[in-house]
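Following: one structure in structure tokens, then a few remarks.
Rule-based calculations on the coordinates, nothing more; no lab input. Predicted, not measured: the structure shown is a model, and the values here were computed from it. Using ideal geometry, Cβ is built from the backbone for each residue, glycine included, and neighbour counts are taken over all protein chains shown.
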Amino acid sequence: MSQMIFEKIHTIPTAEELLDKAFRRANRARKGKTVKSESSRRRADESMLLTATNILSDNLANVVRQFPSFDNIPEFYRELADILVGVDVLKTNIASVQWAGEKIHELGRLSVGKMRHSSDSSTIRKAAYGRMSSIVNDVDKNLRLLNYARNILRKLPAVGMEPTIVIAGYPNVGKSSFVAMVSSATPEVASYPFTTKGLAVGHFRVGNVRCQIVDTPGLLDRPLGERNEIELQAISALKHLGDVLLFIVDPSGTCGYEPDDQMRLLKEVREHILMPVLVAANKVDLLDEAPGSGFDATMSTLTGVGVDEVMERMVSMIDMEKYNEKLEALMELD
Ligand SMILES: Nc1nc2c(ncn2[C@@H]2O[C@H](COP(=O)(O)OP(=O)(O)OP(=O)(O)O)[C@@H](O)[C@H]2O)c(=O)[nH]1
Ligand SMILES: [Mg+2]
């Protein structure tokens with residue numbers, strides 16, 4: 001039960017590619033037709049123009065159709081699309097492409113009508129070709145932007161409706177290491193901050209229940225307005241996805257940040273979310289003594305010590321009753 005609404009958007013052609021394709025097909029439509037008499041010449045021009053018109057308007061309409069209506073998609077995906085590209089930007093560019101497709105359709109229809117009352121169908125066809133080319137060239141920038149957006153949006157993970165653990169914490173504390181250890185996901189792990197730049201979803205099973213775990217980018221303790229695009233994705237996941245949150249702290253400080261700063265972030269996060277939180281101190285393999293107070297669990301995502309216990313506690317914290325209510329609410333939306 002997981003789907004990703006941007007996954008099926010195909011590569012979006014440039015103006016040049018569209019025009020090449022349309023005029024190539026149009027030329028092919030002429031082949032085989034004799035051009036001896038005026039009426040047969042007109043038929044050839046008509047068939048060329050109709051072919052070019054259809055290819056262009058169908059392809060442009062198809063670009064538009066592939067994008068979901070941004071007003072009707074899950075909040076989580078709308079927010080991500082807004083962070084990564086801008087929903088208004090997307091809508092404006094889609095509208096331009098739609099307009100171009102309709103304009104070309106109309107132009108083709110009118111020009112074919114004109115041909116029927118003219119002795120010079122070829123001039124009419126060439127004039128129509130010229131105007132179509134300029135309409136398509138005008139939306140080249142829109143097509144390119146939509147293709148750029150498509151390449152970004154299709155990388156978003158599919159998020160299912162399964163019970164969900166979201167991981168959060170400062171950069172470099174071991175979030176991805178934890179996710180890699182307990183689930184099917186293989187996130188990138190590295191010894192520098194902001195390694196994780198987007199969201200990743202892994203799966204695991206508890207008995208016969210399938211759950212998912214969401215790895216998020218690191219968050220710094222700072223005002224919302226100063227957060228970068230990478231952090232905003234993490235916040236979006238916190239707001240919309242989790243049934244329970246694992247907040248990882250690195251009390252060793254090898255992540256490059258003070259434990260006090262990390263604890264301040266925890267406080268801020270708690271103020272903004274409703275789900276239960278488990279606070280785990282990580283990298284205990286580096287500590288000589290117990291990691292101080294404020295932690296519900298300790299672990300090392302390097303050696304594996306304590307990881308199973310953290311996982312068991314997280315799963316037991318998922319309020320299945322609440323989860324089922326959420327699921328029912330989502331079903332009703334469909
Ligand atoms: N000693 C020790 N190192 C660890 C442990 N867990 C993770 N690390 C190391 O800490 C660094 C950061 O780990 P990641 O899992 O990439 O951390 P992250 O929180 O996902 O980082 P960002 O994605 O950048 O926010 C890596 O070099 C890991 O090998 C641990 O328990 N002990
Ligand atoms: Mg990471």
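Lys322: which lysines have alpha carbons under 17 Å from its alpha carbon, excluding same-chain residues fewer than 8 sequence positions away?
Hits, sequence-local ones excluded: Lys239.
Assuming 0.890 mPa s and 25 °C, estimate D for the chain with Stokes-Einstein, Rh taken as the Kirkwood radius over Cα pairs, in µm²/s.
Values: Rh = 23.4 Å.
Answer from the Stokes-Einstein relation: 105 µm²/s.
Pop a pseudo-label 7 angstrom from the Cα along the beta-carbon direction at both Thr123 and Glu226 and give the gap in nm to one decimal.
According to this spin-label approximation, the distance is 6.9 nm.
Hey, got the Cα dimensions of the range 98-252 along the principal axes, in Å, largest first?
85, 40, 24
Using only Cα atoms, tell me the angle between helix 320-333 and the longest principal axis of the chain; keep it within 0 to 90° and round to the nearest 10.
Orientation of helix 320-333: about 10 degrees from the principal axis.
How compact and how long is the range 2-153, expressed as Rg and Dmax of its alpha-carbon atoms in Å?
So, for the range 2-153, Rg and Dmax equal 18.4, 62 Å respectively.
Just the ratio, please: alpha-carbon radius of gyration of the range 159-333 over 2.2 N^0.38 Å, N its number of residues. Mind showing how you got there, number by number?
Numbers: Rg = 15.3 Å, N = 175, 2.2 N^0.38 = 15.7 Å.
After normalising by residue count via 2.2 N^0.38 Å, the value is 0.98.
Can you compute the modelled spin-label distance between Arg116 and Trp99, with each label point 7 Å from Cα toward Cβ, in nm?
Reported label-point gap for Arg116 and Trp99 is 3.0 nm.
Enumerate the amide H contacts of Met4 below 5 Å, restricted to partners 5 or more residues apart or on another chain; note that Pro and chain-start residues carry no placed amide H.
Result for Met4 returns nothing.
Are any of the pairs Lys91/Lys126; Lys31/Lys91; Lys31/Lys114; Lys91/Lys114; Lys141/Lys175 more than 31 Å apart by Cα-Cα distance, and if so, which?
Details: Lys91/Lys126 33 Å; Lys31/Lys91 40 Å; Lys31/Lys114 23 Å; Lys91/Lys114 35 Å; Lys141/Lys175 39 Å.
In this structure, Lys91/Lys126; Lys31/Lys91; Lys91/Lys114; Lys141/Lys175 lie more than 31 Å apart at Cα.
Kindly write out, for the range 277-286 in residue order, the coupling ³J(HN,Hα) from the Karplus curve 6.51 cos²θ - 1.76 cosθ + 1.60 (θ = phi - 60°), rounded to whole Hz, with x marking Gly and Pro.
10, 10, 9, 10, 8, 9, 6, 5, 4, 8
Where does the range 11-101 land on the Kirkwood hydrodynamic radius, alpha-carbon pairs, in angstrom?
Numbers: mean 1/r = 0.0648 Å⁻¹.
Taking every pair of different Cα atoms in the range 11-101, averaging 1/r and inverting gives 15.4 Å.
Helix 140-153 versus the longest principal axis of the chain: what is the Cα-based angle in degrees, 0 to 90, to the nearest 10?
Tilt relative to the chain: about 30 degrees.
Which net charge results for the neighbourhood of Val112, defined as the other residues with beta-carbon distances under 13 angstrom from its beta-carbon, given Lys and Arg at +1 and Asp and Glu at -1? If you can, show how the numbers build up before the last one.
Working: positive: Arg42, Arg43, Arg109, Lys114, Arg116, Arg125; negative: Asp45, Glu46, Glu106.
For residues surrounding Val112, the net value is +3.
Using each residue's phi in the range 67-77, evaluate 6.51 cos²θ - 1.76 cosθ + 1.60 at θ = phi - 60° and report the 3J(HN,Hα) Karplus result to the nearest Hz, with x for Gly and Pro.
Result, ordered by residue: 7, x, 6, 5, 7, 10, 9, x, 3, 4, 6 Hz.
Test of understanding: in a Gaussian network model of the chain with alpha carbons linked when under 10 Å, which of Ser300, Ser111, Ser57 would top the mean-square fluctuation ranking?
Ser111
Between Rg and the Kirkwood Rh of the range 54-100, both from Cα atoms, what is the Rg to Rh ratio? Kindly include the intermediate steps, with their values, before the conclusion.
Working: Rg = 11.8 Å, Rh = 11.3 Å.
Here the Rg-to-Rh quotient is 1.04.
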